[in-house]
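Please read the structure below before turning to the comments.
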Amino acid sequence: MGWNEKRRKMVDYLVKLGYLSSPEIIKAFERVPRHEFVPKEYRKMAYDDTPLPIGLGQTISAPSMIATMLEELQARRGDKILEIGTGSGYNAALLSEITGEGGMVYTIERIEELAIEAERRLRKLGYENVEVVIGDGTKGYEKCSPYDRIIVTAASPRIPKPLMEQLAEKGRMVIPVGSLEYQILNIVDKFKGEIRVYEKGACVFVPLIGEHGWKEAQLV
Ligand code: SAM
């Protein structure tokens, strides 16, 4: 079976199980070649519904987890989006498809090697409306704030204050919050300057390490 057929099957599975329902998110999953974001040795499993290692102790999340987060994020065409945790760059590519040419995706990664590799991949695949930033994403990216949508793809002990501040009015953030072992997906809305938080299901992510996340010393 070729990559396109495998990808089609993955999307059908995600729709059938109810993880995907919005036409523009389905289209993004159909378009982004996930196998290009996975290390060679795991490529055969690129369209399985499982997280995979991407090196340096980090992972690309399972397609069903990404689908759940993107459905909750409710990003629209033309949105300015901030992602914390670039990893492989796969989610940034999906966000780029969703927001389209009129929108912009800023994605921050703390591990330089991963950021460089993700940027190379995104350029090669023609994703022009994505800027990869190396740094501590718990501080956000004030320079280009406020953001219509913020998505954090690593586990935080709390919602980082700078991210709440950099969220636009009527903006939404999706972030896994909890312990190092497991987290609850938090949906954070800003309306008339007030923050409202809703809790979605449980999830498991690698830690968000930084000034407003986990400290390296807390990980051992
Ligand atoms: N979204 C990614 C993808 O599509 O492949 C997967 C992200 S992976 C589950 C989490 C990433 O968050 C890791 O690459 C990790 O290095 C990064 N990370 C952890 N703490 C961070 C921080 N403070 N700022 C930026 N990136 C961080």
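Please name all residue pairs, on different chains or six or more residues apart, with Cβ atoms under 9 Å, provided the first residue is in the range 122-140 and is under 24 Å from Ser156 (Cβ atoms) and modelled with pLDDT of 95 or more and the second residue is away from the ligand (no atom under 14 Å from the Cβ) and among the hydroxyl-bearing types (Ser, Thr, Tyr). From the range 122-140, the pairs are Gly140/Tyr147.
Can Leu167 be described as within 16 Å of the ligand (Cβ to nearest atom), among the hydrophobic types (A, V, I, L, M, F, W, C) and over 19 Å from Ser64 (Cα atoms)?
For Leu167, the condition - within 16 Å of the ligand (Cβ to nearest atom), among the hydrophobic types (A, V, I, L, M, F, W, C) and over 19 Å from Ser64 (Cα atoms) - is not met.
Anything in the range 40-63 that is part of a loop (DSSP other than H, G, I, E, B) and open to solvent by 30 Å² or more (accessible area, probe 1.4 Å)? List them, or say none. Within the range 40-63, Asp48, Asp49, Thr50, Pro51, Leu56, Gly57 qualify.
I'd like to check something: does the range 149-162 contain any residue that is over 15 Å from the mean Cα position of the chain (by Cα), among the polar types (S, T, N, Q), at pLDDT 95 or above and open to solvent by less than 90 Å² (accessible area, probe 1.4 Å)? Looking through the range 149-162, none of the residues is over 15 Å from the mean Cα position of the chain (by Cα), among the polar types (S, T, N, Q), at pLDDT 95 or above and open to solvent by less than 90 Å² (accessible area, probe 1.4 Å).
Consider Pro160 carefully, then state whether it is closer than 20 Å to Pro207 by Cβ and of a type outside the set (A, V, I, L, M). Yes; evaluated as a whole, the condition is true for this residue.
Given Glu5, Glu71, which one is under 15 Å from the mean Cα position of the chain (by Cα) and charged (D, E, K, R)? One residue alone meets the criteria, Glu71. State whether the residues of the range 76-94 include one that is in contact (Cβ under 8 Å) with a residue 24 or more places away in the chain and in contact with a Pro (Cβ under 7 Å, 6 or more places away or on another chain). Looking for residues that are in contact (Cβ under 8 Å) with a residue 24 or more places away in the chain and in contact with a Pro (Cβ under 7 Å, 6 or more places away or on another chain), one finds none in the range 76-94, hence no. Contact annotation: residue pairs with Cβ atoms under 8 Å, 6 or more positions apart or on different chains, pairing a residue in the range 196-220 that is over 14 Å from Thr153 (Cβ atoms) with a partner that is more than 11 Å from the ligand (Cβ to nearest atom) and in a loop (DSSP other than H, G, I, E, B), are Val197/Ile159; Ala202/Tyr182; His212/Arg158; Trp214/Pro157; Trp214/Leu180; Gln218/Leu180; Leu219/Leu180. Hey, can you tell me all the residues within the range 72-88 that are open to solvent by 30 Å² or more (accessible area, probe 1.4 Å) and not polar (S, T, N, Q)? Across the range 72-88, the qualifying residues are Glu72, Arg76, Arg77, Gly78, Lys80. Taken over the range 89-109, the criterion of being open to solvent by 10 Å² or more (accessible area, probe 1.4 Å) and either within 16 Å of Ser156 (Cβ to Cβ) or within 11 Å of the ligand (Cβ to nearest atom) (or both) is satisfied by Asn91, Glu109.
Consider Ile175 carefully, then state whether it is at pLDDT 95 or above, crowded, with 18+ Cβ neighbours inside 10 Å and among the hydrophobic types (A, V, I, L, M, F, W, C).
Here the answer is yes, as Ile175 does meet what is asked.
Considering the conditions (1) open to solvent by 60 Å² or more (accessible area, probe 1.4 Å); (2) free of Cβ contacts under 8 Å to residues at least 24 places away in the same chain; (3) part of a helix (DSSP H, G or I), Val11 is excluded by exactly one of them, (1). Looking across the range 1-38, the residues that are more than 21 Å from Gly100 (Cβ to Cβ) and among the basic types (Lys, Arg) come down to Lys6, Arg8, Lys9, Lys16. Screening Leu219 against (1) open to solvent by 20 Å² or more (accessible area, probe 1.4 Å); (2) hydrophobic (A, V, I, L, M, F, W, C); (3) more than 14 Å from the ligand (Cβ to nearest atom) leaves a single unmet condition, (3). For the range 113-137, taking the residues that are near the ligand (Cβ under 10 Å from one of its atoms) and in contact with a strand residue (DSSP E or B) (Cβ under 7 Å, 6 or more places away or on another chain), the one that is nearest to Leu167 (Cα to Cα) is identified as Gly137.
The values are calculated or read from the model by the stated rules, or taken from the named source; none is laboratory data. If you're wondering where the values come from, they're calculated on a predicted model, not measured in any experiment. Glycine also receives a Cβ, built like all others from the backbone with ideal geometry; neighbour counts cover every protein chain displayed. Quick note on the areas: whole protein, heavy atoms, side chains included, nothing else; ligands and nucleic acids left out. Shrake-Rupley method; radii C 1.70, N 1.55, O 1.52, S 1.80 Å.
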